[in-house]
Structure formats: C-alpha cells, structure tokens
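Below: one structure, written as structure tokens.
The values are calculated or read from the model by the stated rules, or taken from the named source; none is laboratory data. Just so it is clear, the structure is predicted and the values come from calculations on it, not from any experiment. Heads up, the Cβs are rebuilt from the backbone with ideal geometry, glycines too, and the neighbour counts pull from every protein chain shown. Note: areas computed on protein heavy atoms with side chains; ligands, DNA, RNA excluded. Shrake-Rupley method; radii C 1.70, N 1.55, O 1.52, S 1.80 Å.
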Amino acid sequence: MTSAGPTAPSSKREEFEEEALVHLDALYGQGLRLTGGDEGRAEDLVQDTMLRAWRSWDTYETGTNCRAWLMTILRNIFINDFRRQKSRPDPVDFDDVEERPVWGQLKEEDPSGEFFDRIIDDEVVDAIQDLDDEFRVTLVLSDVDGLSYQEISEQLGIPEGTVKSRLYRARRRLQNELYEYARSMGYLRSEEDDD
C-alpha cells in the first residue's frame, strides 16, 4: 500500500519550478526598477518573493498567470518595506527645479504621458533610478506596471492626490533631466525645425 504523501511535495516542487522559477529574470528586473538599481536589495526582494510564493503555492491556481501573481507578491513586499522605512517622507523643494515644458516641442501630439514610454533606454533608466524613492516607486507603479491612481493609492497607503502630485513631480524631474538627451535623439523639435 503506497501513500500519496511522499509524492505530493515532489509534485509541488516540480510544479513550482515549472511555473514560478522561469520568471526569476523578470522579477529581478522589476526589483531593480523599484529599488533604483540597487542589486542587493533587488536580489533580496526576489528571494523574499520566491519564499513567500513557495509558502503560498497551495493558493496559486495552476495554469493562471503565474508571472502576474509573482509580480504582485514582489510589489507588495517592496511596498510594505517602503512603508516601514518611509513612514514620513523627506520634504522636497521643487521650486528649485527649473521647468522646461517640452510638450509643445514634441514632434507628435502626446498629451497622456506616453512620450517617455517610447524612449526607454539606459539614459532614461538611469534618470528614473536617480529619483527619490517615493517618486520612483510611484512612477514605476504607474508607468511601468500600469496601475491606476486608485490602485497606487491603496498599495502605498497615500491619498490619490498625493499619487498625482508625485507622478507630476517625477515626470517633471525626468523632463528636466532628459531634455537635452531628448533633443539630441530627435524626440523634440529644435528651434531650426520651427523655421
């Protein structure tokens, strides 16, 4: 008489390896974006995510979107850590930042902020990673993960107005940081184009 007990852990392990472990690179990439490029923190975040996923594997429905499930776990771990570390964010004086309105200089109309989606490369990634934590996290959750203001508000435990403000300020900083780069890449019209 054989027992089903000894084969269950092996089956669970095989299932976990096939469904979850294949997403390690994607999780690490997201961890890097959320932590501002901090490899150690990103690795810890992935490790914590996989540990929590393993412990909760019985709740995962086999065949559903495992990558999305893991990304949600990773994001929740990061946000919970972020809340603990940043119970009160440092004030930032944005009046010192020179505003360069680029929307009128775009070669194409793009009022919804999709402009930055088209030019994501190392220069942009570096500029995003240089943002302060509260702005980078909000920007990544919105523009990379595609979460709504309400979802970000709920995840970070802040009012929607604060989410909108942080996104505005993060995008404004990116605008200023990437202005010359965007011109050199031809994303913005130069004064010569107007003649």
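Candidates in segment 40-90 are the residues that are in a loop (DSSP other than H, G, I, E, B) and closer than 20 Å to Glu14 by Cα; of these, the one that is least open to solvent (accessible area, probe 1.4 Å) is Tyr60.
Being among the polar types (S, T, N, Q), at pLDDT 70 or above and closer than 13 Å to Arg33 by Cβ, is that true of even one residue in segment 81-91? No, there is no match, as no residue in segment 81-91 is among the polar types (S, T, N, Q), at pLDDT 70 or above and closer than 13 Å to Arg33 by Cβ.
Residue-wise test of (1) out of contact with any strand residue (DSSP E or B) (no Cβ under 6 Å at 6 or more places or on another chain); (2) at pLDDT 85 or above; (3) of a type in the set (Ser, Thr, Tyr).
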{"site": "Glu109", "(1), (2), (3)": "yes, no, no"}
{"site": "Ile128", "(1), (2), (3)": "yes, no, no"}
{"site": "Thr138", "(1), (2), (3)": "yes, yes, yes"}
{"site": "Ser153", "(1), (2), (3)": "yes, yes, yes"}
{"site": "Gly161", "(1), (2), (3)": "yes, yes, no"}
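For segment 33-44, the set of residues classified as hydrophobic (A, V, I, L, M, F, W, C) and modelled with pLDDT under 90 consists of Leu34 only.
Residues of segment 129-184 that are open to solvent by 10 Å² or more (accessible area, probe 1.4 Å), hydroxyl-bearing (Ser, Thr, Tyr) and part of a helix (DSSP H, G or I): Ser142, Tyr149, Ser153, Thr162, Ser165, Tyr168, Tyr179, Tyr181, Ser184.
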